[in-house]
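Comments concern the structure below.
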Amino acid sequence: MKLARFIILAFSSLLLWQVLVWSTGIPVYILPGPWVVYKAIISHWSPLIQHLGTTFMEIVLGLVFGIVLGSCSALAMTLLPGLRRWMLPMLVVSQAVPVFALAPILVLWLGYGMGSKVAMAVLIIYFPVTSSFFYGMQRTNPDLLELARVMEAKQLAVFRFIIIPAAMPAFASGVRVAAAVAPIGAIVGEWVGSSSGLGFYMLHANARMQVDVMFAALTLLAAVSLTLYFSIDFLLSKILYWESKQGYMI
Amino acid sequence: MYNMSAPAVRFQKVGLVLGRQTIFRDLTLDLPAGKCSCLLGPSGCGKSTLLRLISGDPSYAYSGDLIIGTDPHQQHKVAWMSQNDLLLPWMTLQDNVLLGSKLRGEVTEERQALAAELIEKAGLKGCEQALPKQLSGGMRQRGALLRTLMEECSILLMDEPFSALDALTRVKLQNLSAEMIKGTTTVLVTHDPMEALRMGQVVLVLSKAPASVCSILELDGEPPRDPDDVEIHKHYGPLLHQLMQESVL
């Protein structure tokens, strides 16, 4: 049923797009129709896939490092109240700097390769993961902690069996946000300076007025982002086995 | 099974102020060793706070003396059970029952065997691997009771443990608990005079805040008392009247 709804939704929006192009007679260098985009994907398949590979790697590495770094920071802040007092304001202030504005600096420091794009994605992901996990742990039911205290629990065991599982739903929503925004970081990084990746390929096509190729790259990027998002969503629902199914999105 | 180490609990001129509210002023009361004492009283009179004091909650700074047992150096193991079953939703029933051992890092075969035995006694055999969300309210509360009993405590604090259950489940659980807590110094906070009369060997009625003891009933016979028990018939009416007088409404 869900799948049917998804197919109908996708198909009808494609149809609407094609009808719009036909009825208004928009020139192909402004808005190419889905059929033209499809042909562009086929004819540019091998460079597209190659660049997609680069971008995909950047997104995945950014997600992995961002989530690991964010989780560690959140754990450190929860375990060490002294550190928390110093880190929390810094975290908030760090968000006052628009991450996009850092892209040129990151490219300057880390070069045209993957490093600067991964760093960019990590910077974008870090905050939602850290804050959601941290506040999730802070909001553990105090009655559970009281129960653990009366049971003379060991501190680490309380973390393992109570605080971390209790924070998992909040952490999961942070990771979902991260999965949705990570591609932005990678693409912006590529726009500023790169030699491969879908962002690079789009700029390239833009300079040659190949709008259909730009749309082809965009389509593949959207497909990858969606696949990534739903794989992560699926994975999270397996980790959160005790939560009732949320029926999120599709 | 009389628990030799079950201590008596004595409040001697205990005072407690939370914010601007005086919860206790010179509260003096005795909770006998190895018996079930039931606390009745109007809402907000500090019954639950009293339990927290006994549990040694460090966030309450009280004045006066709270004496537990005869030897001040002896540590008494306290267990807590509330209206909310507080089962961890991510753990199976068995792991929830074993929670105390897990949190102390001492899950042994002996503990596991004891857990299995208690689970069978409580009629939960076959549900060991079920998650709390797959169990009914009564089953979850039984799980919470077992987790509490696994602690082999000498003082058991129960804060309206059965109030969220339907009447029939409540009666069954009262019977099960009364059998299983024999010999433990139990303090049971309840709103239900019938529950107090069925479960208690001593019933104390508290006044509204600042709380003091209005009356003490000592009941004959062993809990759980049958609903037809003479003691219940003799005391239910007067107790209900007294509670109605104490309540604000």
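Identify all residues within the range A:120-147 that are more than 14 Å from chain B (Cβ to nearest Cβ), assigned to a helix (DSSP H, G or I) and either within 21 Å of residue A:161 (Cβ to Cβ) or free of Cβ contacts under 8 Å to residues at least 60 places away in the same chain (or both); write none if there are none. Answer for the range A:120-147, where residues must be more than 14 Å from chain B (Cβ to nearest Cβ), assigned to a helix (DSSP H, G or I) and either within 21 Å of residue A:161 (Cβ to Cβ) or free of Cβ contacts under 8 Å to residues at least 60 places away in the same chain (or both): A:127, A:128, A:131, A:132, A:133, A:134, A:135, A:137, A:138. Applying the set (1) of a type in the set (Gly, Ala, Ser); (2) within 18 Å of the chain's Cα centre (by Cα); (3) outside any helix (DSSP H, G or I) to residue B:143 leaves exactly one unmet item: (3).
Do we find that residue B:47 is buried (at least 16 other Cβ atoms within 10 Å of the Cβ), touching a strand residue (DSSP E or B) at 6+ places or on another chain (Cβ under 9 Å) and away from every other protein chain (no Cβ under 14 Å) in this structure? Steps first, please.
Working: buried (at least 16 other Cβ atoms within 10 Å of the Cβ): yes; touching a strand residue (DSSP E or B) at 6+ places or on another chain (Cβ under 9 Å): yes; away from every other protein chain (no Cβ under 14 Å): yes.
The answer is yes for residue B:47.
Can you confirm whether the range B:109-123 contains a residue that is within 11 Å of chain A (Cβ to nearest Cβ) and β-branched (Val, Ile, Thr)? Looking for residues that are within 11 Å of chain A (Cβ to nearest Cβ) and β-branched (Val, Ile, Thr), one finds none in the range B:109-123, hence no. When restricted to residues that are of a type outside the set (S, T, N, Q) and exposed (fewer than 15 other Cβ atoms within 10 Å of the Cβ), the range A:204-225 contains 6.
Just so you know, in the range B:128-154 the residues that are of a type in the set (A, V, I, L, M, F, W, C) and within 12 Å of chain A (Cβ to nearest Cβ) include one that is nearest to residue B:114 (Cα to Cα), and it is B:150. Say whether the condition of being aliphatic (A, V, I, L, M) and under 30 Å from residue B:109 (Cα atoms) is met by at least one residue in the range B:181-193. Yes, that holds for at least one residue. Note on the range A:106-130: residues that are touching a helix residue (DSSP H, G or I) at 6+ places or on another chain (Cβ under 7 Å) and not hydrophobic (A, V, I, L, M, F, W, C) total 5. Selection of the range B:28-61 for residues being closer than 11 Å to residue B:202 by Cβ and of a type in the set (Asp, Glu) yields only B:30.
State all residues of the range B:50-65 that are within 14 Å of another protein chain (Cβ to nearest Cβ) and within 14 Å of residue B:29 (Cα to Cα); if no residue qualifies, say none.
B:51, B:53, B:54
Taken as a whole, the condition of being over 17 Å from residue A:222 (Cβ atoms) and modelled with pLDDT of 90 or more does not apply to residue A:55.
In summary, residue A:195 fulfils each of the numbered conditions (1) part of a helix (DSSP H, G or I); (2) surrounded by fewer than 18 Cβ atoms within 10 Å (Cβ to Cβ); (3) away from chain B (no Cβ under 14 Å) with the single exception of condition (1). Taking the criterion of being closer than 18 Å to residue A:146 by Cβ and more than 10 Å from every other protein chain (Cβ to nearest Cβ), the residues of the range B:67-86 that qualify are B:76, B:83, B:85.
To keep it simple, each residue is scored yes or no on (1) in a loop (DSSP other than H, G, I, E, B); (2) on the phi < 0 side of the Ramachandran plot; (3) buried (at least 18 other Cβ atoms within 10 Å of the Cβ).
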residue	(1), (2), (3)
B:95	no, yes, yes
B:119	no, yes, yes
B:153	yes, yes, yes
B:168	no, yes, no
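Only one of the numbered conditions (1) surrounded by 19 or more Cβ atoms within 10 Å (Cβ to Cβ); (2) at pLDDT below 90 is violated by residue A:247, and that is (1).
The values are calculated or read from the model by the stated rules, or taken from the named source; none is laboratory data. As the structure is a prediction and not an experimental result, all values here were calculated from the model. Quick reminder, even Gly has a Cβ in these numbers, built from the backbone with ideal geometry, and neighbours come from all protein chains shown.
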